[in-house]
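What follows is one structure encoded as structure tokens, with my remarks underneath.
The values are calculated or read from the model by the stated rules, or taken from the named source; none is laboratory data. All of these numbers come straight from a predicted model, not from anything done at the bench. No Cβ is skipped: glycine too gets one built from the backbone with ideal geometry, and neighbour counts run over all protein chains shown.
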Amino acid sequence: MTEIAEAPSPPALDEVIIRFAGDSGDGMQLTGDRFTNASAMFGNDLATLPEYPAEIRAPAGTMAGVSAFQVHISDHDITTPGDAPDVLVAMNPAALKSDLHTLVPGGTLIVNKDTFEERNLTKAGYDHNPLDAEDLAGYRLIKVPMTSLTKEACAEFGVKPRDADRSKNFFALGLLSWMYSRPVEPTMDWIESKFAGKDLIISANRAAFNAGHAYGETAELGAQRVIVKAAPLAPGTYTNINGNTALSWGLVAASQLSGLPLYLGSYPITPATDILHELSKHKAFGVTTFQAEDEIASIGAAIGASYGGSLGVTTTSGPGLALKGEAMGLAVSLELPLIVVDIQRGGPSTGLPTKTEAADLMMAMYGRHGESPMPIVAARTPSDCFDMAIEAARIALVHQTPVMFLSDGYLANGSEPWRLPEVDDLPTIEVRYATEFNMVDEDGNGTFWPFLRGEDGNRPIALPGTPDLMHRIGGIEKEDGSGNVSYDPDNHEHMVHLRNDRIASIPVPEAELEEGSGDDADLLVVGWGSTWGAITGAVRRVRVAGGRVDHVHLTHLNPLPANLGDLLRSYQRVLVPELNLGQLVRILRAEYLVDAQSLSKVKGQPFTAGEIQFAITEALDGLAGITGQNEGGTA
Amino acid sequence: MTDVLNPATQVSDDPVPETSRADWTSDQEVRWCPGCGDYSILTALQLLMPELGVRREKTVFISGIGCAARFPYYMNTYGVHTIHGRAPAVATGLAMARPDLDVWVIGGDGDMLSIGGNHLIHALRRNVNLNVLLFNNQIYGLTKGQFSPTSQKGKVTKSSPVGLVARPFNPISVALGAEATFVARTHDMDRHHMQDTFRRAYEHEGAAFVEVLQNCNVFNDGVFASITKKDVREDMLIDLQHGEPILFGSEKQYGVARSPEGVVIVDVAEVGIEDVLVHDETIRNPSTAFSLSRLAKTPVTPTPIGVFRAIDRGEFASSVSAQIREVQAQVGRGDLGDLLRSQPTWEV
């Protein structure tokens with residue numbers, strides 16, 4: 001193995017955005033993930049955007065098969081995976097063709113030269129080789145024969161050329177690791193543990209990585225080695241976390257904090273399936289996972305477990321949420337705790353399974369028949385999924401209701417450094433069950449009424465197995481108090497209002513302006529969910545340029561914060577960026593009669609900070625225009 | 001961190017109290033149509049429960065939607081009246097979360113074989129510890145008389161005014177196709193047979209499926225009369241008894257024998273008793289039981305009742321919890337702080 005010499009400290013960059021693009025079979029997600037982890041260990045702030053096709057292996061070399069991973073690393077606090085990459089690594093012609101437009105003008109383009117031969121060029125739809133033409137004149141092009149160098153490096157370990165081909169992503173990783181002064185150890189350690197027992201694969205991947213690293217060091221790249229220094233993060237222990245893992249851990253934490261065993265009923269669906277995978281690993285925490293026969297069974301089983309005294313959870317994405325509607329109504333009617341997790345993706349129908357969108361808000365709010373209210377919480381960043389999972393469990397258990405948790409594909413798969421919370425600081429969740437009679441029957445004997453509410457408005461929950469408190473509940477309308485089946489008109493109206501008021505009166509935190517807000521701004525940007533990063537980035541840029549704009553980000557969408565109406569009305573203009581056609585904005589307009597404006601994007605991709613910056617600037621210009629007109633207006 | 005607290009899972013050392021039918025009867029007025037077969041099934045169960053030596057608080061009835069699904073309201077046990085077709089799914093979650101409970105699932109032919117067919121076959125396939133009673137009246141009652149997935153071809157109903165085009169499901173065949181470990185049939189005209197069958201279902205470890213032929217006297221009156229009426233039963237019901245030759249008729253003059261196509265009804269005098277099939281519930285291969293399920297054109301020809309199949313196979317919920325216990329025995333109880341540090345970490 002070649003010794004890797006560390007160069008004396010290279011010049012520093014404050015940030016860089018790198019995009020790895022290749023065929024689905026090229027291992028680009030893994031490459032991006034490893035680069036990200038090495039950067040995290042190094043201490044950078046970072047944000048990632050994995051983008052992959054819905055097909056597991058689209059025909060190799062085609063545009064349909066291109067898989068990409070964008071990572072933004074910096075020496076300061078950042079909130080998005082970056083608007084446009086500074087560096088594009090294209091492993092084949094299709095990746096170049098599909099992703100070149102994302103690269104900033106003059107950006108660095110690193111291509112695997114070996115793949116630019118006729119067959120691949122044809123598959124990508126090129127009638128010529130762009131590497132030999134003027135096509136790429138506007139970029140700093142670095143042509144590297146990655147495949148052949150990888151094969152060469154692997155040959156000494158007896159790796160067959162065809163097998164060595166699979167290691168070329170590690171060559172790319174090694175090269176980029178050299179260019180951006182990434183630590184080598186985390187990747188080496190990872191290779192050792194990931195492929196433990198498969199010595200040949202370990203040797204091949206290490207050899208490929210080292211070859212890439214050495215190539216950077218020795219070759220005339222035309223690219224200087226730079227460093228992106230560690231970001232000044234708050235002291236603590238950090239890990240790099242994606243949204244679905246954070247969410248899974250948050251659910252485990254909620255189970256521990258409440259003392260209830262966690263029960264997950266789920267059915268595989270992109271991009272929620274990783275939660276099922278993750279929680280299935282945690283049997284040591286007493287977690288039961290149930291991969292059901294369908295979406296409806298998965299929520300049905302979660303309701304059954306919740307009725308039995310578990311923390312019942314079901315996880316899905318939009319199409320599955322549509323199927324769970326009736327069962328959610330049952331949980332509303334039974335007033336049982338339940339967490340329904342929707343990792344949103346592009347719709348309608350199958351839509352864009354692997355692409356992000358946030359167009360299920362209306363379905364979360366109203367997607368059940370009858371008046372069937374559910375509290376809704378939404379995470380804003382990957383790590384926030386941990387906190388919001390605990391919050392969802394708190395609302396579900398304390399207020400005895402099904403709760404909707406909204407995340408999306410971008411949060412689910414995107415990652416960021418997360419400062420680990422102190423476990424002892426996490427608030428416990430108090431759960432109480434009925435164990436005694438609460439009523440006396442006609443004969444003077446003690447009896448149990450399952451809907452005779454306490455002062456907190458909750459019905460008493462007596463778990464099956466509790467002596468003497470046998471009772472029946474159901475989805476059919478029941479008399480408040482006794483819980484007996486009731487078709488009485490006044491009782492139904494009472495129950496509809498009661499169920500509505502129960503949810504509407506759940507205390508949620510006040511809406512607070514984000515950091516840096518509050519300097520007499522006329523424009524308020526209101527966001528929810530995963531747009532936090534892009535809005536935050538945009539607002540920072542506008543402020544740096546002297547623009548006055550505030551940002552509030554809603555974590556609780558039902559009920560909404562009590563102070564939100566007053567807050568909205570205190571601004572001349574309200575802008576609501578959403579990855580849908582304007583769903584929150586409708587709710588805000590209906591609830592508060594404010595002239596909030598929508599900024600919509602539905603491309604299956606998150607907002608860039610630039611897109612929101614542009615909209616903010618336009619809105620501010622509009623305000624200035626109005627002011628100007630007023631000043632110069634004729635009386 | 002608190003440990004799991006669940007007052008209901010506490011195991012009582014007290015002996016199971018003696019109970020009577022009244023103890024198992026809820027205070028709710030029964031609202032089935034007068035003359036409905038559901039009454040006799042309810043009575044059979046309310047009379048059986050005291051004999052099983054079980055606690056009311058450990059007994060849960062889960063139902064879907066339909067006439068039969070009102071059943072839980074009338075039992076003085078825990079109960080949930082869920083939504084159409086989903087009772088086996090809700091019951092599966094409950095049985096997994098609470099292996100200490102006896103969970104009964106009640107539903108009709110529409111509930112369990114039409115809208116909920118998927119949940120039924122998967123609950124049976126997994127062998128979840130549930131007692132599933134399917135009240136089959138070959139009609140939709142609560143929606144007032146449409147054909148069901150068990151209605152006979154040609155049946156005239158409100159939704160098939162010139163006769164039903166599709167063939168019906170045979171519930172026993174469906175259950176055997178799903179390789180259920182306990183499959184039985186009984187009928188609402190014979191309380192003792194129902195009780196014997198329900199008791200066997202209760203005692204079975206795993207999913208127990210019982211089809212109860214049940215009369216809907218409003219929308220499908222007398223549909224099983226030609227086999228279940230007292231004066232025809234001897235000739236029209238074939239009572240399966242484990243280890244016994246399968247014989248029926250007033251003189252036990254008829255029997256069931258193997259044939260190239262499966263099984264057929266034979267005249268014992270003609271073929272000789274040695275050719276009559278001896279019933280064995282415990283054959284692991286469900287083929288013979290399946291053949292028996294295909295014997296009858298219910299309700300027109302002699303129909304087998306009793307236990308078609310009863311085999312031991314690992315129960316689902318206990319196997320799932322055993323995996324959890326094994327992992328905990330190997331690595332100990334999970335520690336949240338360790339979990340958060342289970343990926344690479346770094347200090348700032």
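Data for the structure
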item	result
Segment B:280-339, residues that are within 22 Å of A:Lys281 (Cα to Cα) and β-branched (Val, Ile, Thr)	B:Val320, B:Ile324, B:Val327, B:Val331
Residue in segment B:320-339 that is nearest to the other protein chains (Cβ to nearest Cβ), counting only those that are of a type in the set (A, V, I, L, M, F, W, C) and loosely packed, with under 15 Cβ neighbours inside 10 Å	B:Val331
Residue count, segment B:18-29 (criterion: surrounded by 14 or more Cβ atoms within 10 Å (Cβ to Cβ), part of a loop (DSSP other than H, G, I, E, B) and modelled with pLDDT of 95 or more)	2
Flag for A:Asp480 being on the phi > 0 side of the Ramachandran plot and either charged (D, E, K, R) or touching a Ser or Thr at 6+ places or on another chain (Cβ under 6 Å) (or both)	no
Candidate set: segment B:252-281, residues that are at pLDDT 95 or above and acidic (Asp, Glu); chosen: the one nearest to the chain's Cα centre (by Cα)	B:Glu281
Lone qualifier among B:Tyr78, B:Tyr39, B:Tyr73 - being within 23 Å of B:Asn136 (Cα to Cα) and in contact with a strand residue (DSSP E or B) (Cβ under 9 Å, 6 or more places away or on another chain)	B:Tyr73
Search result, residues across segment B:100-111 that are buried (at least 24 other Cβ atoms within 10 Å of the Cβ) and over 20 Å from B:Leu45 (Cα atoms)	B:Gly110, B:Asp111
Check on B:Pro286, surrounded by 18 or more Cβ atoms within 10 Å (Cβ to Cβ), out of contact with any His (no Cβ under 6 Å at 6 or more places or on another chain), more than 10 Å from chain A (Cβ to nearest Cβ) and at pLDDT below 95	no
Residue check, A:Thr36 assigned by TED's automatic domain parsing to the domain that holds A:Gly216, surrounded by fewer than 24 Cβ atoms within 10 Å (Cβ to Cβ) and among the polar types (S, T, N, Q)	no
Those residues of segment B:146-180 which are among the small types (Gly, Ala, Ser) and without any contact (Cβ under 8 Å) to a residue 12 or more places away in the chain, in sequence order	B:Gly154, B:Gly163
Selection within segment A:207-237 - crowded, with 22+ Cβ neighbours inside 10 Å and either among the aliphatic types (A, V, I, L, M) or at the interface with another protein chain (Cβ under 8 Å from one of its Cβ atoms) (or both)	A:Ala207, A:Ala208, A:Ala211, A:Val228
Residue pairs meeting the criteria (Cβ under 7 Å; at least 6 apart or on separate chains; first farther than 25 Å from B:Leu176 by Cβ, in segment B:126-145; second part of a loop (DSSP other than H, G, I, E, B) and among the hydrophobic types (A, V, I, L, M, F, W, C))	B:Gly141/B:Cys67; B:Gly141/B:Val218; B:Gly141/B:Phe219; B:Leu142/B:Cys67; B:Lys144/B:Phe219; B:Gly145/B:Ile139; B:Gly145/B:Phe219
Members of segment A:174-190 found to be within 15 Å of A:Ile17 (Cα to Cα) and not in a helix (DSSP H, G or I), listed by number	A:Tyr180, A:Ser181, A:Arg182
Enumerated strands (runs of 3 or more DSSP E) restricted to segment A:9-86, each holding at least 2 residues that are farther than 24 Å from A:Thr273 by Cα and away from chain B (no Cβ under 14 Å)	A:15-23, A:66-74
Complete set of residues in segment B:302-331 that are out of contact with any helix residue (DSSP H, G or I) (no Cβ under 7 Å at 6 or more places or on another chain) and free of Cβ contacts under 8 Å to residues at least 12 places away in the same chain	B:Ser319, B:Ala322, B:Arg325, B:Glu326, B:Ala329, B:Gln330
B:Val348 being surrounded by 12 or more Cβ atoms within 10 Å (Cβ to Cβ) and within 14 Å of chain A (Cβ to nearest Cβ)	yes
Unmet criterion (only one of (1) assigned to a loop (DSSP other than H, G, I, E, B); (2) closer than 30 Å to A:Gly529 by Cα; (3) modelled with pLDDT of 90 or more) for A:Leu233	(3)
Candidates A:Leu397, A:Leu426 - the one that is surrounded by 16 or more Cβ atoms within 10 Å (Cβ to Cβ), within 30 Å of B:Ser26 (Cβ to Cβ) and touching a residue at least 60 places away in the same chain (Cβ under 8 Å)	A:Leu397
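Condition check ((1) within 28 Å of A:Gly259 (Cα to Cα); (2) more than 10 Å from chain B (Cβ to nearest Cβ)) across all residues:
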residue	(1), (2)
A:Met439	no, yes
A:Asn445	no, yes
A:Trp449	yes, yes
A:His471	yes, no
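This table checks each residue for (1) free of Cβ contacts under 8 Å to residues at least 12 places away in the same chain; (2) outside the structural domain of A:Glu416 (by TED's automatic domain parsing); (3) under 28 Å from the mean Cα position of the chain (by Cα).
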| position | (1), (2), (3) |
| --- | --- |
| A:Thr187 | no, yes, yes |
| A:Ala196 | yes, yes, no |
| A:Asp199 | yes, yes, no |
| A:Ile202 | yes, yes, no |
| A:Asn210 | no, yes, no |
| A:Tyr215 | no, yes, no |
| A:Leu233 | no, yes, yes |
